[in-house]
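Just so you know, all these numbers are worked out from the coordinates, no wet-lab data involved. Given the structure is predicted, the values throughout are model-derived calculations rather than measurements. Positions of Cβ are generated from backbone atoms using ideal geometry, with glycine treated the same way; all protein chains shown enter the neighbour counts.
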Amino acid sequence: MDPSLRFGPVSIFLGDKAGKYPDGNQVLVQGSDTRVAFDTPLVSNRIGPTFDGVDLVILGHVHEDHMAGLHRVPRAQVQVHEADLAAAQSWAGLARHYGYPHDVLSAFRPVLERDFHYAPRPDATGYADRASWDLGGGVTVRAHHLPGHTAGHCALVVEGVGLAFIGDIDLTGFGPYYGDATSDLTAFRRSLRSVADLDARIWVTSHHRAVLTDRAGFLGHLERFARRIEERTQTLLDYLHDGPQTLAQLAQRRILYPQGFDVPYLECAERNSIRMHLDELVAQGIVRSEGDVFWRA
């Protein structure tokens, strides 16, 4: 499989439908000493020796769709931000990372193993914000911690080239996802402001948008992506116009996924996300609560 795009030492292999979930877009960076993969989406299984020969995998964060090629590179080093490290090392760590109830995890794990070739990497090691990797020949990668989607979510910037792999700040119409145990809506808001300040002129997303080379276009997509958070807040307030409701009732009405769509973790993601919005609204005095019941102030 040949790369879809190339920017100096960087090759980009586009996944199905520009990396639409469950697939993703694969970035490979070739220095004179080291070849590095950013994440390992499903498309990595179709690349061949160019991917299978990588020396190092840097995970921008840990989720099933970003680990789907790790089974092909058992001898490569794997590094991930320290806040997501346990999730890469073991199923127990990944289960805590998702934070779903036991019955949901039991239903979800076979899906991960069948559809995403899930294999934990107990040998994975951690990196910190601003960590850098010298790949040789003047090619350097630097991590920028942008939490919210997960606690350890990072952008990976190929310095000199000015290319930023911004992972699941993916600029999709779906909007930001913060439905897991280590997700954080407040942190995501900060990260959405910070990502615009990266020293980059090329932005690569894990999904959907794939590659953007126009800053005005990038900022426009970023603004629309961020706006989805406020639209979800307004949706919740509209629901509460109907009177007091429990978290379970609000989760049934949904703010993330359309009615009719279903995945094993859907109710958990809705509950987690709605709870974060409600916490903000209660703190602002816009919504009041008693126990698990919420109403507009």
>> Quick check on the exposure proxy: order Thr233, Thr205 from fewest to most C-beta atoms within 10 angstrom.
In response: Thr233, Thr205
>> Just to be sure I understand the rule: take each whole DSSP H helix in the chain, project its Cα atoms onto its long axis, keep it if the span is 18 Å or more and its mean Kyte-Doolittle hydropathy is at least -0.5. Which ones pass?
In response: 102-115, 266-283
> Mean separation of Cα pairs under 8 Å and 6+ residues apart, divided by the residue count of the stretch 168-243: what relative contact order is that in percent?
Replying inline: 40
> Which residue, Asp262, Asp279, Asp134, tops the fluctuation ranking in a GNM of the chain built on C-alpha contacts under 10 Å?
Replying inline: Asp262
>> Quick query: amide H of Ala124 versus all other amide H atoms, modeled in the peptide plane; which residues come in under 5 Å with a sequence gap of 5 or more or a different chain?
In response: none
>> For the chain, compute Rg over Rh where Rg is the Cα radius of gyration and Rh is the Kirkwood radius from the inverse mean 1/r over Cα pairs.
In response: 0.98
> If you rank Asp292, Asp180, Asp16 by fewest surrounding Cβ atoms within 10 Å, what's the result?
Replying inline: Asp292, Asp16, Asp180
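Ignoring trypsin sites (Lys or Arg not before Pro) that are buried or in helix or strand per DSSP, and keeping those with at most 10 other beta carbon atoms within 10 Å, what is the longest stretch of the chain between them?
My reading of the result: 131-297 is the longest stretch.
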> What ranking of His208, His102 emerges when the number of other C-beta atoms within 10 Å of each C-beta is taken as an exposure proxy, fewest first?
Replying inline: His102, His208
> In sequence order, what are the phi-derived ³J(HN,Hα) couplings for the stretch 133-149 according to the Karplus relation 6.51 cos²θ - 1.76 cosθ + 1.60 with θ = phi - 60°, rounded to whole Hz, with x for glycine and proline?
Replying inline: 10, 8, 8, x, x, x, 9, 10, 10, 10, 8, 10, 5, 10, x, x, 4
> Given the chain, what percent of its DSSP beta bridges are antiparallel, to the nearest 5?
Replying inline: 70
>> For the chain, what does the relative contact order come out to in percent, with C-alpha contacts under 8 Å and a separation of six or more?
In response: 14
> What is the set of long-range amide H partners of Gly136 at a cut-off below 5 Å, with H atoms built 1.01 Å from backbone N?
Replying inline: Ser32, Asp33
>> Taking R0 as 41 Å, what FRET efficiency do you get between Gln259 and Glu82 from their Cβ-Cβ distance, rounded to the nearest 0.05?
In response: 0.60
